[in-house]
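Questions regarding the structure given below will be posed in turn.
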Amino acid sequence: MSEQVEMMLCTEGLYQQAVAVLNDGFLPKFRRMHPDEQIRRSFVDDFGLIALGESSSDYIATDGQRVLGVLLLKEAGGPKHLPNRSTGELVRRYGISGVIKAMILGLLVAHTPDQDELYIDSIAVSDDARGMGVGTTMLGFAQELAVKHGCRRLTLQVMVENPRAQRLYERFGFTVTHTVRSLWLRWLTGYSGAHYMEKQLSSDDLR
Ligand SMILES: CC(C)(COP(=O)(O)OP(=O)(O)OC[C@H]1O[C@@H](n2cnc3c(N)ncnc32)[C@H](O)[C@@H]1OP(=O)(O)O)[C@@H](O)C(=O)NCCC(=O)NCCS
């Protein structure tokens, strides 16, 4: 499968498909933010917790027919994730407690990359295409881009309770640099913490 997979920038026409893939992968992680899936979907979108379409570093993996995977990258100086609505409107929609929860979560998972770093902000593969090498292809693409841009490190965060994804990253050469555990994160998402992982790069890593 991975030989037929191509990487490209996410265009407007593919935006909805890409959002669906991201939602499949990440909405379950926000289950505790709101029990209703529809509201959770707009909550995540309105607060920019899954930010697609904000930068020129949003890529998709495709077999030419449909979006198989989404890869959102962040470099030093890239755009910050901001809510799509005014604070007043967010309070009206989700209440003060919803706004506070989203702000805390945003702070807990936010990462600002250094000059020498390319950060994988989100990576997700469509439910029915998992385990076929699409994720590995996207990691290879991110690595290639990082080397081309002169970055020395490819980095990401993975929840402590996501060992399969962690195994994929380790197989690709990432190691855990540190782990941040947080009772706030546990309260908001059910996850006890996040591993920060990185792969040191050299020009030999160019495919
Ligand atoms: C993690 C993810 C991007 C991997 O993409 P993928 O295309 O399935 O990855 P590959 O086919 O290249 O590699 C397969 C490996 O991915 C990992 N993996 C993680 N979750 C998986 C899943 N639900 N199904 C299959 N493989 C998964 C495993 O390490 C697997 O190897 P294994 O068979 O030894 O367990 C994908 O499973 C996904 O979108 N998960 C949901 C969103 C998510 O958790 N993203 C990562 C956040 S840090």
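State all residues of segment 130-144 that are more than 8 Å from the ligand (Cβ to nearest atom) and crowded, with 19+ Cβ neighbours inside 10 Å; if no residue qualifies, say none.
F141, A142, Q143
Return the pairs, sorted by first residue and then second, in which the second residue is surrounded by 18 or more Cβ atoms within 10 Å (Cβ to Cβ) and among the small types (G, A, S), the first residue lies in segment 33-48 and is touching a residue at least 40 places away in the same chain (Cβ under 8 Å) and within 14 Å of I96 (Cα to Cα), the beta carbons are less than 6 Å apart, and the residues are 6+ apart or on different chains.
F47/A102
Let me ask another. With the structure loaded, tell me whether D127 is near the ligand (Cβ under 10 Å from one of its atoms), surrounded by fewer than 19 Cβ atoms within 10 Å (Cβ to Cβ) and of a type in the set (D, E, K, R) or whether it fails that test.
Here the answer is yes, as D127 does meet what is asked.
Let me ask another. Surrounded by 17 or more Cβ atoms within 10 Å (Cβ to Cβ), within 14 Å of the ligand (Cβ to nearest atom) and part of a helix (DSSP H, G or I) - does that describe any residue in segment 146-153?
no
May I ask you to verify whether V158 is closer than 26 Å to T62 by Cα and either in a strand (DSSP E or B) or more than 19 Å from the chain's Cα centre (by Cα) (or both)?
yes
Tell me the residue from M33, M8 that is within 20 Å of Q143 (Cβ to Cβ), outside any helix (DSSP H, G or I) and under 19 Å from the mean Cα position of the chain (by Cα), please. Outline the logic, then answer.
Numbers: M33 fails: within 20 Å of Q143 (Cβ to Cβ).
Exactly one of M33, M8 is within 20 Å of Q143 (Cβ to Cβ), outside any helix (DSSP H, G or I) and under 19 Å from the mean Cα position of the chain (by Cα), namely M8.
Still on this structure: So is D114 among the charged types (D, E, K, R), out of contact with any helix residue (DSSP H, G or I) (no Cβ under 8 Å at 6 or more places or on another chain), in a loop (DSSP other than H, G, I, E, B) and away from the ligand (no atom under 15 Å from the Cβ) or not?
When the stated conditions are applied, D114 passes them.
Each value in this text was obtained by applying a stated rule to the coordinates, not by laboratory testing. Just so it is clear, the model here is predicted, and its values are computed rather than measured. Counting neighbours? That spans all protein chains shown, and the Cβs are built from the backbone with ideal geometry, glycine included.
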